[in-house]
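Here's the structure, in structure tokens; my notes come after.
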Amino acid sequence: MSYISKIYEALGGSSEIQEPVWEQIKVLVVDDESMVAQMYRDWLEDAGFQVEVANGGEEALRQIDEEVDVVILDRRMPMLSGDEVLEAIRSQDVKKLDPEKFEDRDPYHITEEYEDKDVKDISLETVKKLDPVIVDNLRNHELDPQICMLTAVDPDFDIIDMEFDHYVVKNVDRNHLVELVGKLAALGELQSRVQKYQSTQWKKILLGRTMPRPKLEKDEDYQELENQLRRIEEEAGEKVQKISRVE
């Protein structure tokens, strides 16, 4: 795969591709086993990450906001499973829900309200388990964390449609978890730059189509734009290789 392909697929965006500072990375650990969640929290805080804990799916969806960079999510939990939490975080249609409709938490009323509406990327079974606080929180935050399912559940074909970023079957040790969260944080940092890189590349293409080459070669701003893109391409290979070493 060429450097430019790697950039489009994984990097994108800056001539200064740097490792994220772990002290600036916020992690949400979601597990209904409080001792397990606390152990993960201790490991990650010792490594320098900011960590919050949610002892269940409902608590997680009430807490999460744009500041969360990485979610460590158990699958098998009561009330709201990890699969349903994942679905709610990734859903865009959840913003179409009205918190007032969830005041009495009557599943039949909610189903009747939304069965014919354009709510397609979240199941009605998940919607019926939400409460007004959760709906309001999901509506008011633009969520795009890296999500790792860390669970005792072996993967099956049902994972094909699940929008997680990584999947690990317990048990993990301290070093593996810290390295995993570091990798996910780096991936999130890189993916956030894709749009900027593509925009810069498109500017170069447009100018190349409309300006004669001699004029472009004399323009300092255009030359800096080319240099910026070249630096990204040179740094991309090393960055992708570094991230890919973490299993």
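The values are calculated or read from the model by the stated rules, or taken from the named source; none is laboratory data. These figures come from a predicted structure and were not determined experimentally. Every residue, glycine as well, gets a Cβ built from its backbone with ideal geometry; the counts of neighbours run over all protein chains shown.
Quick look at the values:
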| quantity | calculated |
| --- | --- |
| Residue under evaluation residue 215, criteria (1) modelled with pLDDT of 80 or more; (2) surrounded by 14 or more Cβ atoms within 10 Å (Cβ to Cβ); (3) in a helix (DSSP H, G or I), criterion not met | (2) |
| Single residue of segment 21-38 satisfying the filter (aliphatic (A, V, I, L, M) and over 24 Å from residue 90 (Cα atoms)) that is surrounded by the most Cβ atoms within 10 Å (Cβ to Cβ) | 36 |
| Residue satisfying all of: in segment 143-154; of a type outside the set (Val, Ile, Thr) and surrounded by 14 or more Cβ atoms within 10 Å (Cβ to Cβ); farthest from the chain's Cα centre (by Cα) among these | 150 |
| Residue within segment 62-74 that is of a type in the set (A, V, I, L, M) and farther than 20 Å from residue 151 by Cβ present | no |
| Residues located in segment 39-60, provided they are over 27 Å from residue 21 (Cβ atoms) and either crowded, with 20+ Cβ neighbours inside 10 Å or not polar (S, T, N, Q) (or both) | 56, 57, 58, 59 |
| Qualifying residue in segment 162-175 (condition: assigned to a helix (DSSP H, G or I) and modelled with pLDDT of 80 or more) | yes |
| Matching residues in segment 126-140 - criterion: being closer than 16 Å to residue 78 by Cβ and either part of a loop (DSSP other than H, G, I, E, B) or touching a His at 6+ places or on another chain (Cβ under 7 Å) (or both) | 128, 129, 130, 131 |
| Residue that is surrounded by the fewest Cβ atoms within 10 Å (Cβ to Cβ), among those in segment 61-81 that are under 15 Å from the mean Cα position of the chain (by Cα) and either of a type in the set (Phe, Trp, Tyr) or outside any loop (DSSP other than H, G, I, E, B) (or both) | 61 |
| Contacts under 8 angstrom Cβ, first residue in segment 70-99 being not assigned by TED's automatic domain parsing to the domain that holds residue 147, partner not aliphatic (A, V, I, L, M), 6 or more apart | none |
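The rows are residues; the columns are (1) surrounded by 14 or more Cβ atoms within 10 Å (Cβ to Cβ); (2) within 18 Å of residue 31 (Cα to Cα); (3) modelled with pLDDT of 90 or more.
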{"position": "86", "(1), (2), (3)": "yes, yes, yes"}
{"position": "93", "(1), (2), (3)": "yes, no, no"}
{"position": "120", "(1), (2), (3)": "no, no, no"}
{"position": "134", "(1), (2), (3)": "yes, yes, yes"}
{"position": "141", "(1), (2), (3)": "yes, no, yes"}
